[in-house]
1. Sort out for me the strands (runs of 3 or more DSSP E) sitting completely within the stretch A:1-96 that have 3 or more residues that are free of Cβ contacts under 8 Å to residues at least 40 places away in the same chain and of a type in the set (Ser, Thr, Tyr).
2. C:Gly33 fails exactly one of the following numbered conditions: (1) within 7 Å of chain B (Cβ to nearest Cβ); (2) under 23 Å from B:Gly259 (Cα atoms); (3) assigned to a helix (DSSP H, G or I). What is the number of that condition?
3. Mind counting the residues in the stretch C:393-432 that are under 25 Å from C:Ala214 (Cβ atoms) and assigned to a helix (DSSP H, G or I)?
4. Report yes if some residue within the stretch C:203-211 is under 26 Å from the mean Cα position of the chain (by Cα) and more than 17 Å from C:Ala136 (Cα to Cα); otherwise report no.
5. If you go through the stretch C:277-297 one residue at a time, do you hit one that is surrounded by fewer than 24 Cβ atoms within 10 Å (Cβ to Cβ), within 9 Å of chain B (Cβ to nearest Cβ), in a loop (DSSP other than H, G, I, E, B) and small (Gly, Ala, Ser)?
6. So B:Phe130 passes all but one of these: (1) more than 9 Å from every other protein chain (Cβ to nearest Cβ); (2) outside any helix (DSSP H, G or I); (3) without any contact (Cβ under 8 Å) to a residue 12 or more places away in the chain. Which condition number does it fail?
7. Answer with yes or no whether B:Gly286 is closer than 26 Å to B:Cys72 by Cβ and modelled with pLDDT of 95 or more.
8. Filter the stretch B:53-88 down to residues that are touching a residue at least 24 places away in the same chain (Cβ under 8 Å) and among the hydroxyl-bearing types (Ser, Thr, Tyr) and give me whichever is farthest from B:Lys431 (Cα to Cα).
Amino acid sequence: MNIPKNLFYTKDHEWARVEGKAAYIGITDYAQSSLGDITFVGLPKEKEAVKQSEYCATVESVKAASDVYAPFSGTVISLNNELVTHPELVNQSPYEKGYFFVISLGDEVEKKNLMDADTYQRYVEGLNGGSVK
Amino acid sequence: MQLIFEKHKQGRRGFCFPGPDVPLAKPLAAKYCRSKDTHIASLSELDVVRHYTNLSRLNFSVDTNFYPLGSCTMKYNPKFTERIAAFEGFSNLHPLLPQLAGGGMLAQGSLEVLYETEKFLSEITGMSAFTMQPLAGAHGELTGVMLIAAYHKNNGSRRKYVIVPDSSHGTNPASAAIAGYQVIVIPTGKDGYMDLEQYKKHLNNDVAAVMLTCPDTLGIFNPHIKEIADMAHQVGALMYYDGANLNALLGKARPGDLGFDVVHINLHKTFGTPHGGGGPGAGPVGVSEALVDFLPIPRVVRRSDATYALEYHRHKSIGYIAPFYGNFGVILKAYAYMLCLGKDGLIEAAELAVLNANYCQVMLKDHYDLAFEKNCMHECVFSAARQAKNGVHAIDIAKYLIDKGYHPPTVYFPLIVKEALMIEPTETESKETIDAFIEVMIEIAGLAKDDPIRVKQAPLHMPIKRLDETKAAREPNLRWKP
Amino acid sequence: MSYTPHTQEDIKQMLQAIGVSNIEELFKDIPKGLRAKSFNLPHGKSEIEVTNHLKGLSEKNAANLISFVGAGFYDHFIPAALDAIVNRPEFYTAYTPYQPECSQGWLQSIYEYQTAICELTGLDVSNASLYDGGTAVYEAAMMAIRFTGRNKIIMDSGMSLIYRAMLYTYTSNLSVEFVEIPVVHGQSSREELFKHLDDKTAAVILQNPNFFGAVDDHSDVVERVHKYGALAISSVYPVSLGMLKSPGEMNFDIATGEGQSLGIPLSFGGPYLGFMAAKKELVRQMPGRIVGETVDSDGKRGFVLTLQTREQHIRREKATSNICSNEALCALRAVVFLSLLGRSGIKEMAERNYQKAEFAKEVLSKIKGVEVKRSSPTFNEFTVMLPRRADDVVYRMIDRGFACGFPLGRFYKGMDNYLLIAVTEKRTKEEICRLADSLEAVLCS
């Protein structure tokens, strides 16, 4: 299970990578592997405002659909349009090529509601009732 | 097999119209007309007949295979009802005829069928009246929820929520949501029944209705049903009965007596009309006295001179929910079925459906984990969790059954049972058929231990192997292109 | 009569295996106090008795009138080969093809149906069927509301009153704003429509031909609708599409309609067939089942239900619709019907309908006091004004063996003297002339 150190994590298995005033947003390795082959990603619109912990995108496999909740509040500044034709990027590269969109960060205080990599690792282990590879 | 479009040959035809018998009129102006032809295939009649006959042979069906698809009640569909539905007097009747002045007399036969079916269903379920209009089970649910909304509105109350258990059919929350309600989901307790504590916690006077299936989707009759209904009624909420599993209760218990206010029935399940590859069905909705005024228009009424008529002027009615009087052809077959079975035949159907399911349950329970250790009614639910540990999942079991000529049970439903296998044999299957099925199920349980790969490769003897469903969803190809 | 195979010996053995002494014990979970209070039904009857009884009832229906009633539901010919195919039990006693390996026949047939509907309507994608033309319009309106995030629907009052009434019922607990546009000289009024069109509009719904039979080219309306970011929805009569400009050619976003005319008997109102096709960008908003092509593990072509995350069994309260059972067997009828006719037969059928209706107009217009409305071109149905109440005339014509049309006063205020007459390919020249003679006689009496 890949859990990069420099990211912020949510209990719903989203991640955020803060770069200056912007944040890249996606779903974790754990999320993509539990969903299986991802067939569709429903992205928000550019300039749309998203709110921390609120619905911002949809991710689907053949037999399941999950809502994605925003790790941070902010405004969507760009979308990973590659996912429209290649949703499998979320499976192949959840933290890089498979990111969902970028937002301009609102309030950085929201960081306190998120987990760091170590905490997320323990959280995921707790869900599985044991260690995660 | 080639697509019919790939067999097209210009110049062939499968049907000829009589020569023109009227003088040629001026053609319609070009701006109203289509500029190019369709790519519909042109073929001889034999080409078309052979194409679809050969396609039909690629399907499993009740007439060719045991089809224990849980929750769908795939019982045998008596053939004589097809002949009745094809009588010209029924099949050729225009639905607007009785709406013409004096036209009621032109459709007395069909109106009587609707009226009498309504009476039968009311007695079978213990409800005051039925609308025959809903065109399928889910359409009945939507109609039922709208009736509930109309009832509350009439009482001057605007309620926000509909309660469903987590074991419910997906149509229940979907119907409540599209009718404008928010859905509250109550978990199933460790005992297999809806968690009563959670239920109590969420029940308040903002709840419009509680939607339940009984027996529930685990095939279990909930003995607390009356208590659940009483609690709902105490806060002014109504009880909705999803009739998908009514086959288990015929003559034994009636939703009306159990405290339900609104009921839908799937005629294509309980009353023996064919499922038609996914439809048409029919989903009549029954209501208690308090909701009769809200039923959709028109209503079929019997006048004092023993003739039948359509009644439109009902000011509390929710209005039109279907273009006419329901899926009449389906209702007619169900009526013929009820007339034929009669009281004793219907009771016997329920009894033998429950006998067959319990027999399946007892014969398989050493080989598969029962979802809940309980008596079952018309269907039994197992979990393939034990087999899944060796990599044999419910889907693999399904595919192996297909290779052996059995339509699989419902898999992965209800959602609350891991690796669910939901088996509904129905009353029309013989002990020999069920025994043979049980034998294959036991064989699979053995293979799951000894040779799981063998199960996971299935099916090997069908026209196709397992399909790439991910590709289908990622690169949707939803039509043939020239 | 019952259709259960159990012998007494079978039952005994099964009860023994279960470990109970009688069947009643299997129902012990139903508390005594909750048992059926009554089950007062007649005793069963034999197949012969039931058949005779229902044959008798069928004969009480006047299904043998020479019919000129349409109003959205038409008396078209159904080839015998169609019934032979659809009566194959491998089609009609199967269920939803959730298990593709044992349902390829059904899945391929639906894929072919979807293709045929796309071809007729000129649009990209079709679903596997909906209940009827009315619920199809409702589903299309809901798609537009979700897609645009707006809630105002403009509809032409030339759309069937039944469908408009259904839309009102279904949305009565939702906040949807409806505007109805009046029909002027038989066609939807551009002026009125454009007056109401704004950036709050989710969709404009138009019917072609409209309820009065009038044919229109809606291209200009659709162009305007798109300028406001709204969707254009068409409700169409599929037989007319053998001849008329398709919704796709007019750039509509969604086409819906009643498929009864494609080989489905009138059957007193159902089962019928709601069809829906749309532009491909709307596919994820579509309701109901959809079949897609894919490959199996050997790379062989196969068909499967796809994009199921839209549907209730997965998405539950967030599904695009609550539909589960659809009208698959009627969809099969439609694709077999179209295939038997073939691409030239479909055109020919549409033309026959048009020609016969034009002939009927000519003949009827010669009757004193009958005015055929000619402000708009029509397809196979048209409006006439009579010198007296149309429902009275219809009543009298029944005695002469005709269902001569639908009195418009039933659905439209102030139109008591108007009669809507449909002429399909089944009607002969001789029947049309007899209709005219009888009508003349009734009007003179």
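The values are calculated or read from the model by the stated rules, or taken from the named source; none is laboratory data. This one's a predicted model, so the numbers in the text were calculated from it and none came from an experiment. Note: ideal-geometry Cβ built from the backbone for every residue, glycine included; neighbour counts use all protein chains shown.
1. In the stretch A:1-96, A:55-61 are the strands (runs of 3 or more DSSP E) which contain 3 or more residues that are free of Cβ contacts under 8 Å to residues at least 40 places away in the same chain and of a type in the set (Ser, Thr, Tyr).
2. (1)
3. Summing the residues that are under 25 Å from C:Ala214 (Cβ atoms) and assigned to a helix (DSSP H, G or I) in the stretch C:393-432 gives 9.
4. Checked the stretch C:203-211: no residue is under 26 Å from the mean Cα position of the chain (by Cα) and more than 17 Å from C:Ala136 (Cα to Cα).
5. Within the stretch C:277-297, one or more residues are surrounded by fewer than 24 Cβ atoms within 10 Å (Cβ to Cβ), within 9 Å of chain B (Cβ to nearest Cβ), in a loop (DSSP other than H, G, I, E, B) and small (Gly, Ala, Ser).
6. With (1) more than 9 Å from every other protein chain (Cβ to nearest Cβ); (2) outside any helix (DSSP H, G or I); (3) without any contact (Cβ under 8 Å) to a residue 12 or more places away in the chain applied to B:Phe130, the lone miss is (3).
7. yes
8. Ranking the qualifying residues of the stretch B:53-88, first place goes to B:Thr81.
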